[in-house]
Each structure stands twice: as structure tokens, then as C-alpha cells.
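Asks: Have a look at this one.
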Amino acid sequence: MAMALAAVPSGSAYAFTGGNHETITRAALPWEPATLFEMADARNGAINANDHEGYFLLGPLHCDNADYLAPRYVEDYPRSRDEATTELLACIRTSVARFRSAVRVADGLVDVHGTVRADQSDLSAHCTWKETPDRAKCEVLEQLGRGWHQLQDFYSHSNWSDRAAPVPVGLADPPGLARTGVAPFFDIRRYSTMKDADWTRDARARIPADLTTGCYSDFDSTGAKADDCAGRVTHNRALNKDTAASQRSKTGDNFNHATSGATAEITRQWNDFKAELLKTYPDDRRGEQMICALVHDDPRSSCP
């Protein structure tokens with residue numbers, strides 16, 4: 001599917017704008033400037049790679065199409081709770097896979113003695129996010145960026161942290177859950193160590209019955225593409241908080257709740273990734289050196 005979509009020209013943004021992704025990522029990560037630029041830049045950072053050609057129309061990479069309204073709000077909603085949950089699980093699955101890959105490719109950052117490999121952590125040339133072999137640091141950043149993007153999008157694309165407008169709840173204004181913490185079903189580190197059947201069972205049990213993201217005319221996890229999302233909670237008109245000017249952003253402090261939730265999420269994910277490196281690579285302080293190589297612009301001198 002990704003190959004087929006590579007020829008599709010990029011349209012207008014339908015997720016947090018690249019600038020918002022950058023702001024969120026910079027607020028969450030205490031990294032040195034050049035490294036943070038590679039991850040966070042609004043146009044070319046790893047965090048925005050999923051919004052480029054070949055990826056921007058794949059719904060699970062943006063937590064799209066997990067839309068649902070209970071019968072008490074609308075009769076005969078065209079998707080069941082289970083179908084909506086399946087789409088959200090597909091989104092989580094992409095992040096679990098990226099986390100596992102990032103841990104694996106981090107092995108190339110240091111040698112067997114725990115010394116940072118200068119050639120594998122050098123940023124004198126920019127990274128390219130093409131899913132091809134590259135310097136180990138670039139590969140780790142790409143896996144993390146492509147795994148974190150949809151987690152950020154979730155807070156914009158869902159009703160997890162927002163409130164509905166003071167009008168009757170329905171397709172144009174789904175209920176808001178007004179949650180203030182990070183989503184418990186984004187326990188990516190723990191899920192990465194579990195069998196897929198086990199973590200999906202755990203995540204499914206943690207998803208609230210009234211949680212919804214928006215229908216967008218991209219490809220869902222089955223390969224189906226909604227033409228117009230008729231009769232469904234839509235991304236564009238009902239739910240997204242991609243900018244402060246979005247309709248859903250205009251109710252209360254919904255936009256700031258979405259951005260603060262996404263920021264807290266990336267802080268959690270980075271801390272969890274560091275913990276997993278320390279656990280996976282304990283010998284000769286290799287995990288510590290991997291973390292040092294990731295946060296510093298010149299690891300050879302910063303990570304003796």
C-alpha cells in the first residue's frame with residue numbers, strides 16, 4: 001500500500017501541523033540542538049515523516065478511523081465499538097513495532113566495549129527518513145519519530161482530553177472525555193515485550209466505551225478508504241484539534257489540552273525508551289552510552 005501511495009501528492013495537513021508537532025516534540029525532549037532539529041523540525045524532522053508521501057494516507061499512522069458513537073447518541077452508527085477499537089489497536093501496533101525496531105538498531109550506536117561509534121552518531125550531514133540503512137543514530141531517530149507521530153496525533157484526533165460544545169451530542173459534536181492523564185493503552189514499552197495477542201487484549205480492556213477518533217478519507221487497517229465519511233464522526237468537521245482555529249479547538253481549552261497531552265505522552269515514551277535501553281544493554285554501560293549518543297550533538301566528546 002505504501003508503494004502505491006508514493007505517487008499520491010501530499011495534500012493539506014490533516015494532523016497537528018508540522019509546526020505543532022515540532023513544538024510538542026521540543027517541549028518533551030531535553031536534547032541538544034542539532035539532534036533535536038533532526039527529530040523535531042516542522043518540515044524535515046523524523047517526527048513529521050509520517051506526514052510525507054507514502055504515509056500520510058495510512059490511517060493507523062495517525063490514529064484515524066477509530067470512530068464510534070453509542071446508541072444513546074445516535075441510532076445505527078455505521079461502525080461498532082469493536083470495529084473502532086480494532087482501528088485504534090492498529091495505530092498502537094505501529095508504535096509497538098517502531099519501539100522494538102528502535103531498541104534493536106540502537107545496538108549500532110556503540111561497540112562491544114560500550115564506546116560510542118563516532119561514525120554511527122555523526123550528524124554533520126542531515127538524516128533522511130527513507131527506511132533504508134543509515135547511520136545508527138538516524139535509524140533510531142526515524143523509528144522513534146515514526147512511532148511517536150501517531151501518539152501525538154491521537155490527542156488531536158480523539159475526544160480523550162477534550163470537551164464537547166454546549167449543544168446536543170451527536171455526529172457533529174461527539175462527547176468529550178476530558179481526561180487529564182496520558183492514555184493507559186499507550187503502554188508501548190511494556191507492550192513491546194509481550195506477545196501481540198496478550199498486549200492487544202490488555203489494551204482493548206483499557207479503551208473507554210465512548211472514546212472516538214475521527215473518520216478521515218484515508219486507508220484504514222483493512223485497506224478500505226472512506227470516500228466522504230457520511231454518517232460518521234468526521235475528522236475535519238467534528239473532532240480534530242490540529243490547529244487552534246479548528247472547530248473543536250474553539251470549545252474551552254481543547255487545543256491546549258490536546259497539545260499538553262501529546263507533550264506528556266512523548267516525555268513518557270522517551271523515558272520508557274531510555275529505561276528499555278538500560279535493561280536490554282546493561283553490559284559495559286552500553287545502554288547508558290546509547291542514551292548519551294542520542295541526546296548529544298557530539299557524542300564522541302560528550303560520552304567518554
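The values are calculated or read from the model by the stated rules, or taken from the named source; none is laboratory data. The structure displayed is predicted, hence computed values, not measured ones. Quick reminder, even Gly has a Cβ in these numbers, built from the backbone with ideal geometry, and neighbours come from all protein chains shown.
Asks: Name the residues in segment 264-287 that are among the charged types (D, E, K, R) and either touching a residue at least 24 places away in the same chain (Cβ under 8 Å) or within 14 Å of Ala136 (Cα to Cα) (or both), would you?
Replies: Once the filter is applied, which keeps residues that are among the charged types (D, E, K, R) and either touching a residue at least 24 places away in the same chain (Cβ under 8 Å) or within 14 Å of Ala136 (Cα to Cα) (or both), segment 264-287 yields Glu265, Arg268, Asp272, Glu276, Asp283, Asp284, Arg285, Arg286.
Asks: Scan segment 92-115 and report the pairs whose first residue is closer than 14 Å to His149 by Cβ and whose second residue is among the charged types (D, E, K, R) and buried (at least 17 other Cβ atoms within 10 Å of the Cβ), with Cβ atoms within less than 7 Å and a gap of 6+ or a chain change.
Replies: From residues that are closer than 14 Å to His149 by Cβ, the pairs are Arg98/Arg146; Phe99/Arg189.
Asks: Then there's this: It is to be established whether one or more residues within segment 108-115 are within 26 Å of Ala205 (Cβ to Cβ) and either modelled with pLDDT under 95 or crowded, with 17+ Cβ neighbours inside 10 Å (or both).
Replies: No, because not a single residue in segment 108-115 is within 26 Å of Ala205 (Cβ to Cβ) and either modelled with pLDDT under 95 or crowded, with 17+ Cβ neighbours inside 10 Å (or both).
Asks: Any idea which of Thr213, Thr243 is surrounded by 14 or more Cβ atoms within 10 Å (Cβ to Cβ), closer than 22 Å to Tyr55 by Cα and touching a His at 6+ places or on another chain (Cβ under 6 Å)?
Replies: Exactly one of Thr213, Thr243 is surrounded by 14 or more Cβ atoms within 10 Å (Cβ to Cβ), closer than 22 Å to Tyr55 by Cα and touching a His at 6+ places or on another chain (Cβ under 6 Å), namely Thr213.
Asks: Show the residue pairs meeting these rules: Cβ distance below 8 Å; 6+ apart or different chains; first residue within segment 74-89 and within 16 Å of Ala224 (Cβ to Cβ) and buried (at least 17 other Cβ atoms within 10 Å of the Cβ); second residue modelled with pLDDT under 95 and small (Gly, Ala, Ser).
Replies: Thr86/Ser221; Glu87/Gly59; Glu87/Ser221
Asks: Within segment 91-132, count every residue that is part of a loop (DSSP other than H, G, I, E, B) and either among the polar types (S, T, N, Q) or over 30 Å from Asp64 (Cβ atoms) (or both).
Replies: 12
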